Amino acid sequence: MALRNFKLFRGDKSGGQMENYQIEVDKGMVVLDVIHRIQAEQANDLAVRWNCKAGKCGSCSVEINGKPKLSCMTRMNEYSAEDTIYVRPIRTFPVIKDLVTDVSWNYEQNKRITPFTPDTKQKNKNGDYVMMQEDVDRIQEFRKCIECYLCQDVCHILRDHNKKDKFVGPRFMIRIASLDMHPLDTADRITSVKEDFGSGMCNITRCCTDVCPEDIQITDNAIIPLKERVVDKFYDPFLWLWRKFLKRNK
Amino acid sequence: MAEIEIIEHDVIVVGAGGAGLRAAIQCSSRGLSTGLVCKSLLGKAHTVMAEGGVAAALGNVDERDDWKVHFRDTMRGGKFLNLWRMAELHAKQAPDRVRELEEWGAVFDRTQSGLINQRNFGGHRYPRLAHVGDRTGLEMIRTLQDYGVHQGIEVYMECTALDLLKDGDKISGMVAMWRETGRFVTFKAKAIILATGGAGKAWKITSNSWEYTGDGYAMAYEAGAELMDMEFTQFHPTGMVWPPSVRGTLVTEGVRGDGGILINSQGKRFMFDYIPDLYAPETADTEEEAARWLDGDKSARRPPELLTRDVVARAIRQEVKDRRGSPHGGAFLDIASRRSADDIKRKLPSMYHQFKVLAELDITKEPMEVGPTLHYFMGGIRVDSDSQMSTVPGLFACGECSGGMHGANRLGGNSLSDLLVFGKLAGDGAADYISGTNFSALINQEEVESIVRAGTQILNRESGKNPYLLHEELQEAMQDKVGIVRSNELLTEGIKQLDEFKEAYKQVKADGASQFNPGWHEALSLRNLIITAEAVAKSALMREESRGAHSRIDFPGEQDEWLKYNIVASKNGDGSMSTKKIERERPDSELERIANLTIEELEKEVESERNK
């Protein structure tokens, strides 16, 4: 056991400050454990979100010493004993109180995405869909997403430029990719990827991929392929001519 | 008192895990105006933590599977105390509910021929659990969430339900609190479906999160409903035991389903010493036979690590008690020597990650340390098997917060299927109830105000007991006195302590303002935890036998006499809690016949039906 120094953001939408806490830390603790101990012993009304405490639900996203992380999966022994640990709410979304932010904007984006539209003709005689594992491997990667919104937090377009009206953010780019690459899905999503969801805004700095606690290759496996599909559909001069030609022949 | 916001729907569903979401989807599809109230953000509920899979007799991996075998497995796992009709509905309807998820966008792991893959689990005769690696719950909740948001359901997030309102004997609404602002809100509804999960947070070592505080049990109890089978609390055999801060965090049964074995400190594979008579004919008695089973030999019997959870949890406890435990007081769970590192990472990615980060241990190289953790409530609100309505008209319950489906012990994988099957049935039940009654729900304003007062006085007290500390005391008491092994003496002491906690609760004080105040939220949920804990302890004291998850050192073994009864807890006129035995209905003779067949007889019967 050792006494450690913590600085936590305390405040709400009208403002706030970093406050000092000194607290005993036991072997094996993660940052969320320490926050809970501070809450139980020194600051009963300290607001923090958490649920599973095992990296499965994505509730406890915060910025620890400036890095967006899940506090339940950040071990105290990642930091040296004399370091003060700074914990702030994720910056891209408005603070509600202390470490809790208003992430409702993300739920609004999800509603804008055309729902899964399966091709029911693909059922076999027993009423089962047949899909091979290798055909679903790549969308299963996107479906590992725990909606922690750390990728949304570091996305420059959302964080630094606050262009939430222009770009849907990496979380929903992988959501769209998981539908667009689904072997059974029939909806056209590429027009809306360009027009409504702002795929052109992303300049592939890969910051989202770096912070993903599920190691989803957001940029390489979802965003770039979607951008390529947009290019194919709207900007490929040869394909453009070819389609014109086909149309005329019809 | 300040004006309290009123929101009106035909039906309010409380809880947005798998059961609540499925119920809300059903209500909406039946044309009801539906509100879904949840304590956390949408998609964060406990279902997200379910790992292993959803049990359904699809027969994709072993074509011998059939609803009858699933039903028989469920009854035997529940030590025949399950409500027969619920177990029947569950086994018959689970396959359709799983296929429906695929229709809504779920992407399960596939078999070689491209169908939904299924894995082995404790107590299931065949590979039966449709799964996605070891994150099946996430797949389910996300599928239901993404489908649900397009079905016209209004979702009220971070809103805590406090108490139900009645108009005469019928449900008419409930009072809740917005966590963000601390403001109160009245929901007016013709029916309410509770899908609030269990109450693992009453114990110190639990796989449950802060949300599991028995809100549904306590609200239903206060509204006059009955709580049934509350003595049956499942200790999952494999929770993490080290480091202390993650003690209790779940280690999926999928580890054993994929070949993991349990070893004591002497290197012995001890589960062979704990095979109960009921399962002896179907369980391997040598390591050689167990190994053949793992290699896919259909004539070999199942390894003893895949016995039901109650058996495995007690075995680990016994090994630790007899000083054959692991360094931190558990048993070793070894998958490293059974499967290749690549296999483990592919089949159990989140376990690999969880141990790597939280315990600094590589499960592809070393064994894990595991021990029992309070995981699940078999008991819950007493409901009608078909409609899921409680004894209070207009009050429905589904998922973990309802009782009866799992009897004395739940099989792994039967919870995710329970959510889907009975979530849908509760939605249908509520829709039928509403269409069959012609009334407008009236709200009693005095009732509303008294609920609000009870909540705010926790903040307004000058001084009082710290809710976090009272919660810790409750957890210590339940862990020690109402644990895996119980006795008259321990339970009586436990009940006495609970009486003290009830008194202490009257003086609990939360600091700070009402806006997003976890101390206050903690204090509000403590009432529910204490009510639930009392129901568990009192029911456990009454049941003088050992059956499934309920084991009494002073009454070892199952007693036939006790198979005739369920125990229900309810609130007396004077505010105290009483428990009573109620006689169980005679089972349908066909169901009884199926459950009592030997596995060979049943397999023959299923095969001959198929060949017709």
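The values are calculated or read from the model by the stated rules, or taken from the named source; none is laboratory data. Because the structure is predicted, anything quoted here is derived from the model rather than measured. Cβ sites come from the backbone with ideal geometry, for glycine too, and all protein chains shown count toward neighbours. Just so you know, the surface numbers come from the protein's heavy atoms only, side chains and all, with ligands and any DNA or RNA stripped out. Shrake-Rupley method; radii C 1.70, N 1.55, O 1.52, S 1.80 Å.
Quick one: in the stretch B:323-352, which of the residues that are assigned to a helix (DSSP H, G or I) and open to solvent by less than 20 Å² (accessible area, probe 1.4 Å) is farthest from the other protein chains (Cβ to nearest Cβ)? Residue satisfying both the conditions and the ranking: B:I344. The set of residues from the stretch A:136-192 being more than 24 Å from A:N51 (Cβ to Cβ), basic (K, R) and assigned to a helix (DSSP H, G or I) comprises A:R138, A:R159.
Can we say A:T92 is outside the structural domain of A:R159 (by TED's automatic domain parsing), under 21 Å from A:M18 (Cβ atoms) and in contact with a Cys (Cβ under 8 Å, 6 or more places away or on another chain)? When the stated conditions are applied, A:T92 passes them.
Cβ separations smaller than 6 Å between residues 6+ apart or across chains give the following pairs from the stretch A:33-54 residues that are more than 7 Å from every other protein chain (Cβ to nearest Cβ) and in contact (Cβ under 8 Å) with a residue 40 or more places away in the chain to residues that are small (G, A, S) and buried (at least 22 other Cβ atoms within 10 Å of the Cβ): A:R49/A:S59. All of A:M181, A:M132 fail the test of being open to solvent by 10 Å² or more (accessible area, probe 1.4 Å) and either within 16 Å of the chain's Cα centre (by Cα) or at the interface with chain B (Cβ under 9 Å from one of its Cβ atoms) (or both), apart from A:M132. With a requirement of 2 or more residues that are surrounded by 24 or more Cβ atoms within 10 Å (Cβ to Cβ) and on the phi < 0 side of the Ramachandran plot, the strands (runs of 3 or more DSSP E) lying completely within the stretch B:1-84 that satisfy it span B:11-14, B:34-37. Residues in the stretch A:229-239 that are assigned to a helix (DSSP H, G or I) and either hydroxyl-bearing (S, T, Y) or loosely packed, with under 13 Cβ neighbours inside 10 Å (or both): A:D232, A:P237, A:F238. Residues in the stretch B:187-219 that are part of a loop (DSSP other than H, G, I, E, B) and more than 18 Å from B:C38 (Cβ to Cβ): B:K190, B:W203, B:K204, B:I205, B:S207. Looking only at the stretch B:161-175, residues that are surrounded by fewer than 21 Cβ atoms within 10 Å (Cβ to Cβ) and either farther than 19 Å from B:V452 by Cα or of a type in the set (S, T, N, Q) (or both) come to 3 in all. Of B:D146, B:D96, B:D134, all but one fail to be assigned to a helix (DSSP H, G or I), farther than 26 Å from B:S385 by Cβ, among the charged types (D, E, K, R) and within 14 Å of chain A (Cβ to nearest Cβ); the exception is B:D146. Among the conditions (1) buried (at least 16 other Cβ atoms within 10 Å of the Cβ); (2) within 30 Å of the chain's Cα centre (by Cα), B:K502 misses just one, which is (1). Residue count for the stretch A:70-123 under the criterion of being facing chain B (nearest Cβ under 8 Å), touching a residue at least 60 places away in the same chain (Cβ under 8 Å), within 30 Å of B:V357 (Cα to Cα) and in a loop (DSSP other than H, G, I, E, B): the result is 1.
Scanning the stretch B:300-309 for residues that are open to solvent by less than 10 Å² (accessible area, probe 1.4 Å) and in a helix (DSSP H, G or I) turns up B:P304, B:E305, B:L306. Here B:R301 does not fit the description of being over 24 Å from B:G77 (Cβ atoms), assigned by TED's automatic domain parsing to the domain that holds B:L262 and over 27 Å from the mean Cα position of the chain (by Cα). Of the residues making up the stretch B:515-539, those that are surrounded by 21 or more Cβ atoms within 10 Å (Cβ to Cβ) and within 11 Å of chain A (Cβ to nearest Cβ) number 8.
Of the residues in the stretch A:20-32, how many are open to solvent by 10 Å² or more (accessible area, probe 1.4 Å) and more than 7 Å from every other protein chain (Cβ to nearest Cβ)? Counting residues in the stretch A:20-32 that are open to solvent by 10 Å² or more (accessible area, probe 1.4 Å) and more than 7 Å from every other protein chain (Cβ to nearest Cβ) gives 5.
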